[in-house]
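A short worksheet on the structure shown next.
The values are calculated or read from the model by the stated rules, or taken from the named source; none is laboratory data. Keep in mind it's a predicted model, so treat the numbers as computed, not measured. Note: ideal-geometry Cβ built from the backbone for every residue, glycine included; neighbour counts use all protein chains shown. Surface areas here come from the heavy atoms of the whole protein model, side chains and all, with no ligands, DNA or RNA. Shrake-Rupley method; radii C 1.70, N 1.55, O 1.52, S 1.80 Å.
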Amino acid sequence: MLKRTSNQLSLFSSLEDMLNHNHPLYTLGNKINWRRFENSFSRLYCSTNGRPAHPIRLMCGLLILKHLRNISDESVVLQWSENAYYQYFCGQLEFLPKEPCEASDLVHFRNRIGEEGIEVILAESIRVNTENDNEDHFNTAFIDSTVQEKNITYPTDAKLHKKIINRVLKIVREKKLPLRQSYQRTLKAISRNQRFRNHPRSHRKAVKADRSLRTIAGRLVREPDRNLPDRKGYEKMFELFYKVLSQKRNSRNKIYSLHEPEVQCISKGKEHKKYEFGNKASFIRSLSGIILAAVSFRNEYDGHTIEASLQQTERMTGKRIDNLAGDRGYRGTDLVGTTKILIPQAPKDKDSYYQKKKKHKLFCKRAGIEPTIGHLKSDYRLSRNFYKGVKGDAMNIMLAAAAYNFRRAMRALLCFTKTIIEKSVLVDFSTKWAF
């Protein structure tokens, strides 16, 4: 059941009286259109039946704060009970010295609103930065892609086979199935032989232990499969087991994780990290530094990600980008709809000096999207994705981009406030003349 946010003031001191009105979180909380979230998400709740839900502003505010501060669900809920600015940002009128909800409620809320709901939050972050702004953010923009790594261990066949064995033994215990041999002592010896495989004397022994581990995993999978009638409730799990056991080094569409089978192996040509395991993320950044699109893909060619990214920008803002500049990874695409795709090339003989300098300056500015992606990874939880599934990949990318935009708005509001105060002090005029 949907619970509305109360705007009734307290008889005692409220947070509005206690807090500094020039604090970035305070000003951002007043600038965001929270009514937009309530109108978009109210239809997902029943107004007459069910347990009363937490206010929509509270849940959206916690999601934004989580990525703004680069903390987990548990940490943001705990810090909310200690931070008065967090509480005002989420719509609380007076200080509440307890946690507002369980950390798992954020998981349920993300699943409830889905990718479309997260896109609404990203659209609001763009509106906050472009409202009352005469600068044209959609004339020229830049596009680039990166890899969002999933929260999995570095995949090897031996690790996957050990996990298969543990899961099969768990099924046997739960269903009380007959098992001829559990291989517990044998597995301990195999684990010892797999160590130090890079040593010349231990390499052959480790390779032999890997083969033995695969054989044991296959035996333990086939026996419960025969004893379970029609694999009741474990159909997808056994299909996954057989696929992992049958795949080889050069197999296509390999499984790299049992709990995240959609993970892709992506190589971006980095010297320090040859392979990354996750999914591809595409970002469009305006000339003024606003992220206009953040779209999740599996492992498509960069040129094939342009159209979906432009469609998301047009869907959220209602505007179409005129010129989109990318690196040489986007070769082969010159025009998408009405958007012109610009790729760095050798200067043409017919170009004038002015045209050459203009193109050079444009692609020098294009490089500014690289540190933007670096900030998204280091500061806004894009470096490792803890959300589950393909939907979780898209949600984490859009929430990281929204947090980046909100942080930009906070800096702009803080600079604007400081300018007003400095001018009013220096000129000794009232605030209304400081503009």
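Taking the Cα atoms of region 242-323, the ratio Rg/Rh between the radius of gyration and the Kirkwood radius comes to 1.10.
What does the charge count around GLY114 come to, taking other residues whose C-beta lies under 14 Å from its C-beta (Lys +1, Arg +1, Asp -1, Glu -1)?
Residues near GLY114 contribute +1 overall.
Accessible area per residue was computed with a 1.4 Å probe on protein heavy atoms; LEU335 scores about 110 Å². Taking the charge dipole of the chain about its Cα centre, with +1 at Lys and Arg Cβ atoms and -1 at Asp and Glu Cβ atoms, the residue from ILE126, GLY269, GLN311 reaching farthest to the positive side is GLY269. Applying both filters, DSSP loop and at most 11 other Cβ atoms within 10 Å, to the trypsin sites (Lys or Arg not before Pro) of region 286-362 gives LYS348, LYS350.
Each Lys and Arg contributes +1 and each Asp and Glu -1, all at the Cβ; summed about the Cα centre of region 157-246, the dipole is approximately 500 debye.
Add +1 for every Lys or Arg and -1 for every Asp or Glu among the other residues with Cβ under 14 Å from the Cβ of LEU228, and state the total.
Numbers: positive: ARG167, LYS170, ARG173, LYS175, LYS176, ARG222, ARG226, ARG231, LYS232, LYS236; negative: GLU174, GLU223, ASP225, ASP230, GLU235, GLU239.
It works out to a net charge of +4.
How would you rank 16-29, 185-198, 379-392, highest first, on the average number of other Cβ atoms within 10 Å across their residues?
Values: 16-29: 15.9, 185-198: 13.6, 379-392: 18.1.
Highest mean packing first, the order is 379-392, 16-29, 185-198.
Ranking ASN299, ASN193, TYR234 by Cα position along the charge dipole of region 190-321, where only Lys, Arg, Asp and Glu carry charges on their C-beta atoms, puts ASN193 farthest toward the positive end. Against the criterion of solvent-accessible heavy-atom surface with a 1.4 angstrom probe, HIS108, HIS137, HIS272, HIS259 sort, most first, into HIS272, HIS108, HIS259, HIS137. The simple Förster model, with R0 at 30 Å and r as the Cβ-Cβ distance, assigns GLU300 and ASP349 a FRET efficiency of 0.30. Considering only LEU106, LEU399, LEU179, the mean-square fluctuation computed in a Gaussian network model of the chain, springs between alpha carbons under 10 angstrom, is largest for LEU179. For CYS46, the solvent-accessible surface with a 1.4 Å probe is about 60 Å², rounded to the nearest 10.
With a 1.4 Å probe and every protein chain left in place, work out the accessible area per residue of the chain in Å², rounded to a whole number.
On the way: 24660 Å² over 435 residues.
Using a 1.4 Å probe on heavy atoms only, each residue of the chain averages 57 Å².
With the simple spin-label model, which puts each label point 7 Å out from Cα in the Cβ direction, the SER182 to ASN49 separation comes to 4.7 nm.
Note on LYS98 and ASP334: the model spin-label points, each 7 Å out from Cα along the C-beta direction, lie 6.7 nm apart.
Check the straight Cα-Cα distances from LYS66 and name the lysines below 24 Å, setting aside those fewer than 8 residues away within the same chain. In chain and number order, the partners are LYS3, LYS31, LYS98, LYS150, LYS280, LYS377, LYS388, LYS391. The largest-to-smallest principal axis extents of the Cα set in region 1-130 are 36, 35, 27 Å. For region 157-246, carbon and sulfur atoms together expose 49% of the accessible surface, with a 1.4 angstrom probe and every protein chain in place.
For the chain, taking the reciprocal of the average inverse distance between every pair of different Cα atoms yields a Kirkwood hydrodynamic radius of 25.6 Å.
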